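Notes follow once the structure below has been shown.
The values are calculated or read from the model by the stated rules, or taken from the named source; none is laboratory data. This is a predicted model, so every value here is computed, not measured. Glycine gets a Cβ as well: all are built from the backbone with ideal geometry, and neighbour counts include every protein chain shown. For accessibility, only protein heavy atoms count, side chains too; no ligands or nucleic acids. Shrake-Rupley method; radii C 1.70, N 1.55, O 1.52, S 1.80 Å.
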Amino acid sequence: MAEAKKSRERTTARGDATRNQILDASEVLFGSNGYLGTSLRDIAEQAGVRMGLVHYHFGNKHEILDAALERKLGLLRETIATSFAQADEKAAGELDLEAMVTAFILPFLHAVSTDEDPLRSYIIMTSHLMSSYRLPELRPILGKLSSISEILVDRLKKHRPQIGEKNLLAGVYLIEAALIFMVQDPGFLDDLSQNHHSVGRLEDIAQPALRFFARGLESLQNPS
């Protein structure tokens, strides 16, 4: 009985490792080639596994994308929530618009500029895939990313109700569109920071953009 249990555990561990290899490869390929530009054969080659194993674990590319997006969604949500919690603690009071925008955006920039960050490939992948949001088969999957946007939206609704929901959603949409461009190609950050991606340096180069986004939101507030 004990030996059979150990055998099942080893089989499960190997299966989990293979599954993660496939998802790691998918993050890289979807991030560089997009959904339509990536085939199951590409994923198998990148992962270093047989095509049969790709089909065994996922069945098709649509299932792979869904699993790849779900895998680190909780981690990204937790990372942004932690950023806001740290900003709240540092401010010891209500955050202004620039501080809210900063708490939301900087974690993305830090992640994509650090090779070993577990969210790096995930963020590049999801930002690249957003250009395919109109594809009917992808919309339900990519729609799950709205839980990330809601962190900023909920904070703004609570502390800046004078912006008004329609204007608020338009403002957040524009901020996210700019953020997607900034993180989709890490070379953009390389150029801005001269390949020097320290936390302080990133904050310095991001400051004008953060101020710009905050002033844009401020301009959308309904006059009192």
Q. Taking region 23-39 as the region of interest, how many residues are without any contact (Cβ under 8 Å) to a residue 24 or more places away in the chain and hydrophobic (A, V, I, L, M, F, W, C)?
A. 2
Q: Taking only region 109-129 into account, find how many residues are in contact with a helix residue (DSSP H, G or I) (Cβ under 8 Å, 6 or more places away or on another chain) and surrounded by fewer than 15 Cβ atoms within 10 Å (Cβ to Cβ).
A: 1
Q) Pairs, please: C-beta under 8 Å, at least 6 apart or cross-chain, first residue touching a residue at least 40 places away in the same chain (Cβ under 8 Å) and in region 72-88, second open to solvent by 30 Å² or more (accessible area, probe 1.4 Å)? A) LYS72/PRO118; LEU73/LYS144; LEU75/PRO118; ARG77/ILE151; ILE80/ILE151; ALA81/ILE151; PHE84/ILE151; PHE84/ARG155
Q. Among the residues of region 24-49, how many are of a type in the set (Asp, Glu), open to solvent by 20 Å² or more (accessible area, probe 1.4 Å) and either closer than 17 Å to TYR133 by Cβ or under 21 Å from the mean Cα position of the chain (by Cα) (or both)?
A. 1
Q.
Can you say whether VAL172 is of a type in the set (Val, Ile, Thr), modelled with pLDDT under 95 and surrounded by 15 or more Cβ atoms within 10 Å (Cβ to Cβ), as far as the supplied structure shows?
A. no
Q. Could you list, in sequence order, the residues of region 149-166 that are polar (S, T, N, Q) and either open to solvent by less than 50 Å² (accessible area, probe 1.4 Å) or at pLDDT 95 or above (or both)?
A. SER149
Q: Restricting attention to region 53-96, report how many residues are part of a helix (DSSP H, G or I), of a type outside the set (Lys, Arg) and more than 12 Å from ILE22 (Cα to Cα).
A: 21
